[in-house]
Amino acid sequence: MSDGVGLRACRPCVGAIMAKALVKAKERTIHLALFVCALVSIVTTVGIVWVLIKESLEFFAHVSPIEFFLGTKWAPSFFPQHFGVLPLICGTFLVAGGALVVAVPVGLAAAIYLSEYASPGLRRILKPTLEVLAGIPSVVYGFFAFTFVTPYVLRPLFPETDIFNAASAAIVVGVMIIPTISSLCDDAFRAVPRSLREAAYALSATRLEVSTRVVFPAATSGIVAAILLALARAIGETMAVAIAAGNLAKLTANPLTNVQTMTAYIAQKSLGDTPAGTIEYQTIFAVGLTLFLMTMAVNVIAQRVLKRFREVYE
Amino acid sequence: MVKVLESEAPARRVALDLPLVRIPDRGPQREHALPSSERVIRAEQLTIRYGTFAAVREVTLDIPSHRVTAIIGPSGCGKSTLLRAMNRMNDFVPSASVAGKLFFRGEDIYRPGFDPVELRRRIGMVFQKPNPFPKSIAKNVSWGAAINGYQGNLDDLVERALHQAALWDEVKDKLDDNAYTLSGGQQQRLCIARAIALQPEVLLMDEPCSALDPIATARIEDLIDQLKAQYTVVLVTHNMQQAARVSDRTAFMYMGELIEVDDTTVIFTKPTQKKTQDYITGRFG
């Protein structure tokens, strides 16, 4: 009798245990699937770095790092070959620096307007509109630089401007990174406590004085981080630069001439018919590694600065 | 019945024996006008709305010159809103709208074209939580004067203001230290020094002691008592003992309406409104 009672009690019990096991298995599968997805990005990154380093090592077996990093002539396709990367770095900084010259004042002014002046309604429209600038394909920017900025803006002002020139690329890349600066700076400005603004207003400050003498200094680290992240984007930008800045590796400070950036060089070589395994082919990876290290350094510094800024206000 | 009112009042104490007679509720009191020569600020049928909600309703109130006027009332009664209307700090709340009139020295400060920046130079404000700038102690005090184009010697100004705020002796050797190194009470006195460095005519104080411990509170209360020699003070507080200790006049607000305003001794001993009596005896709020 007592057995029967035990059995009857047990049947639903078994069902419950099986259901539980099923749930557990399902949970585990999902867990694993998510882990694999997360792994994909890590594996990709490691793979890229691995390839970059491997091919670069072969390159550096033929060319000394001293020649590569200190040489002032870049001519891997002509004889005698030259492998000094400085002209490419110079081209990159001419474009990226020029882009900052355009983007920092405009981006900061836009951010101040968004956070201190614009009404909430206007802000809701303006901020996403500005961010659209970042969503336009960069080939469009490149084409715009080539067909509009150079012939209709630069040449009327400076007739000696080359068809391909660093300045036109710098201008469009600058426009491209305005949203990065304005959006991040706007966030930084809005993180400045309201009580500080009130203190300033109560001391008879105008809106401009509050913006420039209270909000701006209190958000300095956020501003620096925003500029660095924008710089990293500008350094890595390829398509617009490859179209507009030209393909002539040259150590120059003149933005009105044809230059070649690291990204443009990589794009040009990768599209061409460079045979794998040659030293020309390996230059792509050596330049790529240099580029990778530079953008990573800028990103790491930016994250550091941003982290410090978060500690102050949150 | 009066246990709420028994406190360690340092400065002055108002006799707090309350009449036991029942006071009839005669509805909100609308008028208690002062002669115009004595008043600095006058609200006339002032209504302030946040969206459609009226936080302050048809308040008519005079603020007398060189006196401490306390505005008391339970949380959400509109006392801070009324105070922040007096230097137009509510301008920064997008949903706020104002009806009625608010006069400062006979001039309607809500008329079109009135300059609120100049108004705030003449009406200073101290906030609930100390809010010094992340700058040095000296820079905090001189900030307002510097942006307003002060011509005199800033060091003298800083010293004078810190003396007046009873902070000089504590900070005179570390004027270049960051203001955040000070204690909460010191920071609040620094904020008072910062406000009076502009030599305003009126000082608005929005629950200036609510974030402070009792000793720091006592120091600020002593300071308020000294300040009225030079400034007109309007003090918002939810602390009735504080109002009783430091104010000359007390206004009691409830649900956005001004229920009663009179000399502090009268409000705390012979209130004419039942709501006032209920509040000061601790029956609600």
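Nothing in this text is a laboratory measurement; each read-out follows from the coordinates by a stated rule. Worth saying up front: this structure is predicted, and the values here are computed from it rather than measured. Note that we place each Cβ from the backbone using ideal geometry, even for glycine, and neighbour counts take in every protein chain shown.
Within 10 Å of the Cβ of each residue in B:138-147, the mean number of Cβ atoms contributed by other protein chains is 3. Modelled spin-label separation between A:R190 and A:L157, with each label point placed 7 Å from Cα along the Cα-to-Cβ direction: 3.3 nm. A Förster radius of 41 Å, combined with the Cβ-Cβ distance separating B:D222 from B:M255, puts the computed FRET efficiency at roughly 0.80.
How many partner chain Cβ atoms sit within 10 Å of a residue's Cβ in peptide A:203-214, on average, as a whole number? Mind showing how you got there, number by number?
On the way: counts 18, 17, 7, 4, 2, 0, 5, 1, 0, 0, 5, 5.
Counting Cβ atoms of other protein chains within 10 Å of each residue's Cβ and averaging gives 5.
Which order results if B:R49, B:R245 are arranged by neighbouring Cβ count within 10 Å, fewest first? Could you put the intermediate results ahead of the total?
Details: B:R49 17, B:R245 26.
By the 10 Å Cβ count, ascending, the order reads B:R49, B:R245.
Both the radius of gyration and Dmax for the protein assembly as shown are 34.7, 112 Å, in that order, over alpha-carbon atoms. Rg of the Cα atoms in chain A, relative to 2.2 N^0.38 Å, amounts to 1.40.
Can you give me the C-alpha center-to-center distance between the stretch B:185-236 and the stretch A:237-314, rounded to a whole angstrom? Comparing the Cα centres of the stretch B:185-236 and the stretch A:237-314, I get a distance of 58 Å. By the count of other C-beta atoms within 10 Å, a proxy for reagent exposure, A:T261, B:T181, B:T264 are ordered fewest to most as B:T181, B:T264, A:T261.
Take every residue in peptide B:83-90, count the Cβ atoms of other chains within 10 Å of its Cβ, and give the average of those counts. Show your work: numbers first, answer last.
Details: counts 0, 2, 0, 0, 3, 1, 3, 0.
Going residue by residue through B:83-90 and averaging, the value is 1.
Cβ crowding within 10 Å, taken as a proxy for footprinting-reagent exposure, orders A:M239, A:M262 from fewest neighbours to most as A:M239, A:M262. In the elastic network of chain A, a GNM with C-alpha springs shorter than 10 Å, the most mobile of A:P65, A:P120, A:P76 is A:P120.
For the stretch B:89-190, lysine pairs separated by 8 or more sequence positions, or belonging to different chains, with Cα-Cα distances below 26 Å total 7.
With point charges of +1 on the Cβ of Lys and Arg and -1 on the Cβ of Asp and Glu, referenced to the Cα centre of the stretch A:22-159, which listed residue (A:I89, A:F158, A:A109) lies farthest in the positive direction of the dipole? Checked the options; the winner is A:A109. Can you give me the pair-distance distribution of chain B, C-alpha pairs, 10 Å bins, whole percents? Over chain B, the share of Cα pairs per 10 Å bin runs 7, 29, 34, 22, 7, 1 percent.
Each of A:S119 and B:F92 was given a label point 7 Å from its Cα along the Cα-to-Cβ line. The distance between the two points is 2.0 nm. Charged side chains reduced to their Cβ positions (Lys and Arg at +1, Asp and Glu at -1) give the protein assembly as shown a dipole of some 1400 debye around its Cα centre.
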